Amino acid sequence: MKFPVRKTAILIFLLFILLYNNISGKEIDKLKIKFIDYYYENGSPLLWEIRNDTLLRISLLPDYQSTTLNRQTDHWNFRIIAEPGTRIRLTIEKMLPDIYNGKPASDWWNYPKGIPCYLSYDYCEWIPLTTRTLRGKELYLDFTMKGAEVYLTRLPVYSLKNLNSMLAAIQGRKGFEIITAGKTTEGRKIEFIRSGDRNVKFTVVIRARAHPWEPGGNWVMEGFINELIKARADNRLKDLCFYLIPMAGKDGVARGMTRFTPSGMDLNRGWDKDFDPVLCPENYVLDSLLKDLIASGHKPSLVIDLHNDDKGDIHLAVRDKGDVKFRNDMQQLEKLMREKGLFSEDFRYQWRDANQTSVSTIENGILLRYGIEAFTYELNANWLKGQGMIPSAMEWKKMGAGLLNVLSEYFSR
Ligand SMILES: [Zn+2]
């Protein structure tokens, strides 16, 4: 049987295609990096690309604020599945530069101590690695896989699972009550923890995790609560009643977002007016708690909002420069924070300026509307100056225990 030349050429071409596909198929099977997984609670939306066998490029997606241009990308949490012993060289980048207060950010991830990335083989113990910031502001890291899969995150993970274990540990405990105050945008429960008699002299409100990428506040809150359990057991702190909101931005934590809620709300903005219960239930319930406490004669003496940022300071509300009592109070508080709270950054004062409107952050809004002293406590996400180390969950828990001792002494004056 004779084949015409044209048909033979076509046949050879098809055979070649078949053979080539088989070879590439085999090559794909041989890749050392097998998969990048972020399809789990707190996993961050991202794009990934294997550049050659062991070079991995991760591009992070921002989340956006409603009705503004603002967007931010600071959270990552993903799992690399690869052959044990594989050397991974990895870059992490923001797909789009951040926009903050309406202006494009010009610098990020370029702090002197570097940006840490945390590794875990069991999703429980987090090992800090220092990254290097490349010219295009990508973070670069290089490590060897010690197992078949490894989790990489921006900060030691504190997710809904951690929160639920903490709540289970205090459920039914004497001196503690867990109150379901409402539901988040996506219908998750918003829990308040009350500890202490409502009728005592001082009420203090502490909130954590308004911004999903910032788990430091959760670790501080956990250390604070552990110390509070001991204090209640010993019948100490009789003059103090606490309302603790352990995880305000729960939806964003579950979805692995950076800053906003799924309806595009920034929980540390808009405190100069009432909140819409549908668009922003997370703030609406806290604002309602403050109103109820005031109406029932239990006006809080202090509100603290726990955050992470790249600097780590305490941001005080806008005040008049001549407010001597406020200055004295804050000097005492600062002294205690340094002595007992493991605090090593700065107290940042904002003095009233007739030509400038203040930002509608929680501390400014609460002082302005209710006359309640408040501050935002930013925990440094990159470096603990006092301890001379990269932050860890353990150190943040110690800072939480310290914070309780600070407040105990501050209010016993
Ligand atoms: Zn924040």
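Here, each number is a calculation from the coordinates, and none is a lab measurement. In this text the structure is predicted, and so the values were computed from the model without any measurement. In this analysis, Cβ positions are derived from the backbone assuming ideal geometry, glycine residues included, and neighbour counts consider all displayed protein chains.
Tabulated data for the structure shown
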| item | result |
| --- | --- |
| Kirkwood Rh (inverse of mean 1/r, distinct Cα pairs), the range 101-226, angstrom | 18.0 |
| Axial C-alpha extent at least 30 Å, average Kyte-Doolittle at least 0.5 - helices from the chain (DSSP) | 5-30 |
| Full-extension gain in nm, Tyr100 to Thr133, via 0.36 nm per residue minus C-alpha separation | 9.8 nm |
| Fraction of antiparallel bridges per DSSP, the range 33-153 only, in percent to nearest 5 | 85 |
| For the range 345-401 versus the range 275-299, the gap between their alpha-carbon centres in whole angstrom | 21 |
| Estimated 222 nm signal from helices in the chain, with DSSP H stretches of n ≥ 4 weighted -39500 (n - 2.57), rounded to 500 | -9500 deg cm²/dmol |
| Antiparallel %, DSSP beta bridges [both residues in the range 160-411], to 5 | 40 |
| Options Gly43, Phe78, Cys117, ranked by Cα towards positive dipole end of the range 33-153, top entry (Cβ charges) | Cys117 |
| Point-to-point label distance, Ala169-Arg57, nm (Cα→Cβ direction, 7 Å offset) | 4.3 |
| Relative compactness, the range 261-381, computed as alpha-carbon Rg over 2.2 N^0.38 Å | 1.11 |
| Which listed pairs, of Lys161/Lys335; Lys189/Lys238; Lys230/Lys397, have C-alpha distances above 26 Å, in listed order | Lys161/Lys335; Lys189/Lys238 |
| nm² value of the averaged projected area, convex hull over the Cα atoms of the range 250-297 | 3.7 |
| Rg(Cα)/(2.2 N^0.38 Å) for the range 181-256, N = residue count | 1.21 |
| Alpha carbon Rg of the range 160-411, scaled by the compact-globule rule 2.2 N^0.38 Å | 0.95 |
| Descending semi-axes in Å of the range 198-347, equivalent ellipsoid built from Cα gyration tensor | 25, 19, 19 |
